[in-house]
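The values are calculated or read from the model by the stated rules, or taken from the named source; none is laboratory data. What you are looking at is a predicted structure, and each value in this text was computed from that prediction instead of being measured. Backbone-built Cβ (ideal geometry, glycine too); neighbour counts: all protein chains shown.
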Ligand code: CDP
C-alpha cells in the first residue's frame, strides 16, 4: 500500500444534474477545510473552450486535445481560463448542454483524468460529479449518491438561473434535464450510477443544511 496520495481522504458526491450536489459538496468541503473538485466545471470548461475555438463537436480527437490543454485556475470560488474569469460563462445552458454531449466521448473523459487526480491534496478532497466514486476515486472513504425528483431539480435549476440573471423556462428545463439524465445514464463510458457501497441521499424534501449534516454524519462514522 502506498502512502502519500492514497492516504488523503476523499469523499465523492455523485448524482444527476441539478440535484444540489454542488452546493452540498462545497459546504461539506468548507466545514471540513477540504479541497473541492467540481468535475462538471472541467467538462464545462472543455465545452466553452471548444465553442470559443470553434472545434467541431464531433471531432473526438480535437476535443480531447482541448481537454488536455486546459489550464484552469480555481480561486476564491471563481474559475479562470487564460487569466479571464469564466465562472459565469460556463454556467450558460448552451455550455452545459455541450458539456453533457462531449462528456460521452471516451477520449475527452480520459484527457481529464490526470487533472482530476491532482485535486487530491491534504487534508482531504470532496469530489463532485457523475463518476467520482465509480471511476476517478474508487478508493474514496465515503461515497454518496445524491438524488432528487426531476421536478425538484427543475425548480432548483430555474431558481439558480434566474438568480444569476439568465432567463429560463421551467418546462424547457424539465425536458432538458430528462434528456441530460438519459445521456448521462446510458453512455457507454462512466455512466451515471451509484458506486458500490454508496450511501443514497434523496434531497427532494431536505434542506441544504440537512443534506450537509447527513454527509458529515456519515463521514464521522466511517472515519472512526
Ligand atoms: O450542472 P449540471 O449538473 O448539469 O452539470 P455539471 O455537474 O456542471 O456537469 C456538466 C456536464 O458534464 C454534465 O451534464 C455531465 O454530462 C458531465 N459530467 C460528467 O460526465 N462527469 C462528471 N464527473 C461531471 C460532469
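The table below gives the values:
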quantity	calculated
Test for residue 112: is it under 16 Å from the mean Cα position of the chain (by Cα), more than 15 Å from residue 25 (Cβ to Cβ) and touching a residue at least 24 places away in the same chain (Cβ under 8 Å)	yes
Residue satisfying all of: in the stretch 175-200; more than 16 Å from the chain's Cα centre (by Cα) and more than 13 Å from the ligand (Cβ to nearest atom); nearest to residue 92 (Cα to Cα) among these	175
In the stretch 109-138, the residues that are within 9 Å of the ligand (Cβ to nearest atom) and either buried (at least 20 other Cβ atoms within 10 Å of the Cβ) or not in a helix (DSSP H, G or I) (or both)	109, 112, 116, 127, 128, 129, 130, 131, 132, 136
When residues of the stretch 13-35 are limited to those that are closer than 18 Å to residue 125 by Cα and under 10 Å from the mean Cα position of the chain (by Cα), the one surrounded by the most Cβ atoms within 10 Å (Cβ to Cβ)	13
Scope the stretch 89-108; condition more than 8 Å from the ligand (Cβ to nearest atom), at pLDDT below 95 and either more than 28 Å from residue 157 (Cβ to Cβ) or not in a helix (DSSP H, G or I) (or both); matching residues	92
Checking residue 151 against (1) in a helix (DSSP H, G or I); (2) surrounded by 13 or more Cβ atoms within 10 Å (Cβ to Cβ); (3) away from the ligand (no atom under 12 Å from the Cβ), the condition it does not meet	(2)
Only one of 189, 215 that is touching a strand residue (DSSP E or B) at 6+ places or on another chain (Cβ under 8 Å) and surrounded by 13 or more Cβ atoms within 10 Å (Cβ to Cβ)	215
Tabulated pairs, the stretch 77-97, first in contact (Cβ under 8 Å) with a residue 60 or more places away in the chain, second more than 15 Å from the ligand (Cβ to nearest atom) and in a loop (DSSP other than H, G, I, E, B), C-beta under 9 angstrom, 6+ apart or interchain	88/165
